[in-house]
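What follows is a short report on a single structure.
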Amino acid sequence: MKQELPLPIVRQIMTEFAKQTGLSPVRRPPSRYLWTDAFAVCNLLELFRQTGEDSFKSLALSLVDQVHETLGRHRQDDTRNGWISGLGEDEGRLHPTAGGLRIGKKINERGPADPFDENMEWDRDGQYYHYLIKWMHALQCVATATSERVYHGWARELAKKVHAGFVFTSAVDRRKQIHWKMSIDLSRPLVPSMGLHDPLEGFIIYSQLQAGRNDELQESPRLDLTHEIKELAEICRGRNWATEDPLGIGGLMCNGLQLAQLMVKEKCGQDRLLLALLDSSLLGLESFLKTNTLQLPAHYRLAFREFGLSIGMHAVERLKGLLQKETDSFQESGALQARIEKLMRYQPAGEQIERFWHEEANREVDTWLEHRDINMVMQATSLAPDGFLQAP
């Protein structure tokens, strides 16, 4: 795909995002949303890496603080106040992720006595497992960029709390599962069904957090994730990861790169899982492209879901390079290379997505404007993907 970082475009997008969400200049209350902000942190770190301008690193760190101060606390329209962890003010600032983090939806969560409304639930607050996983990744990226271990510690604390709150044993088959959405205080499930890729993403991120941090584990054994990783590995066993959703397909491709990075670093021999992810990505991609969604006008399309796919194609490109460079880390290098080459044939689809949404007219339709923040941030990630795709 693009070999040259379009710095002016990415800079413009992220500067506008910072302004309109109350990050810079600071606005109270700011408009914070966990998924969007996780990608935004990575984008700002990438701008810092590419330009050397400290202002971008400062914005990334300010965004982390603002997310914790906003989404780590109860809502302004809630009868509760303070940190959702229940910690006091000073202790809460030292451990801002100890209670998890809110999604950042506009409407408060459904109360225990309120009836379930599937459509309205999309607009209600709470905690999402897959958003929290993205924030753990963002914190890892900050830890790498700054060499400050506190961010890694916050990611571990978040993983421990989230796992304890979301993972449960099914009364039907006695197998471990993951609630898709929990209440703000993690006391009750709001949507009990499990997201298709949630256990996979959790397994990879927890494994990354665990990797190469023996010194920290000796200092803080309470942050050891061995048990949690084992439980997620059991949930993952035998599952089919295929999906026709472009965001999900792109996520699988990114998961494949993350897993390969882990295999190189830890020599953990996950070739079978990596092959399964690539096979599922290929199956889903071919099925999605048959729908001809990418031929539709803008008002029938969701940009952020499509950018998920174009980011995934960038991940495959980097996976190809990693496999060529670190062949000895993969037992099934030949089979993996064959899958990657098949996926690379669809690289023009990612380029097509980026070109389509670069057209100003396509960014003036309701489907863009209604999701403007997330669309902007995902577009910036697709144009400058290494901040998000880097190995932590």
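The values are calculated or read from the model by the stated rules, or taken from the named source; none is laboratory data. Quick caveat: nothing in here was measured; it's all calculated off a predicted structure. Every residue, glycine among them, receives a Cβ derived from its backbone with ideal geometry; neighbour counts consider all protein chains shown.
Results, tabulated for the structure shown:
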read-out	value
Looking only at region 343-372, and only at residues there that are surrounded by fewer than 18 Cβ atoms within 10 Å (Cβ to Cβ) and acidic (D, E), the one that is nearest to L257 (Cα to Cα)	E351
Residues satisfying the stated conditions in region 279-300, i.e. on the phi < 0 side of the Ramachandran plot and either polar (S, T, N, Q) or crowded, with 20+ Cβ neighbours inside 10 Å (or both)	S280, S281, L282, G284, L285, S287, F288, T291, T293, Q295
Members of region 39-93 found to be surrounded by 16 or more Cβ atoms within 10 Å (Cβ to Cβ) and of a type in the set (V, I, T), listed by number	V41, V64, V67, T70, I84
Qualifying helices (runs of 4 or more DSSP H) (wholly inside region 209-299; at least 2 residues being free of Cβ contacts under 8 Å to residues at least 24 places away in the same chain and among the polar types (S, T, N, Q))	214-219
Listing of helices (runs of 4 or more DSSP H) fully contained in region 302-392 that carry 2 or more residues being of a type in the set (D, E) and outside the structural domain of H137 (by TED's automatic domain parsing)	303-325, 347-358
Boolean, K325 is modelled with pLDDT of 95 or more, of a type in the set (K, R), more than 27 Å from W122 (Cβ to Cβ) and under 22 Å from the mean Cα position of the chain (by Cα)	no
Close pairs from region 346-370: first within 15 Å of R305 (Cα to Cα), partner part of a helix (DSSP H, G or I) and acidic (D, E), Cβ under 6 Å, at least 6 apart	I353/E306
When residues of region 158-185 are limited to those that are hydrophobic (A, V, I, L, M, F, W, C), within 19 Å of the chain's Cα centre (by Cα) and outside any loop (DSSP other than H, G, I, E, B), the one nearest to E121 (Cα to Cα)	M182
Residue in region 121-139 that is part of a helix (DSSP H, G or I), more than 12 Å from D185 (Cα to Cα) and touching a Lys or Arg at 6+ places or on another chain (Cβ under 8 Å) present	yes
Any hit, region 244-264, residues being under 22 Å from W357 (Cα atoms), buried (at least 16 other Cβ atoms within 10 Å of the Cβ) and over 17 Å from the mean Cα position of the chain (by Cα)	yes
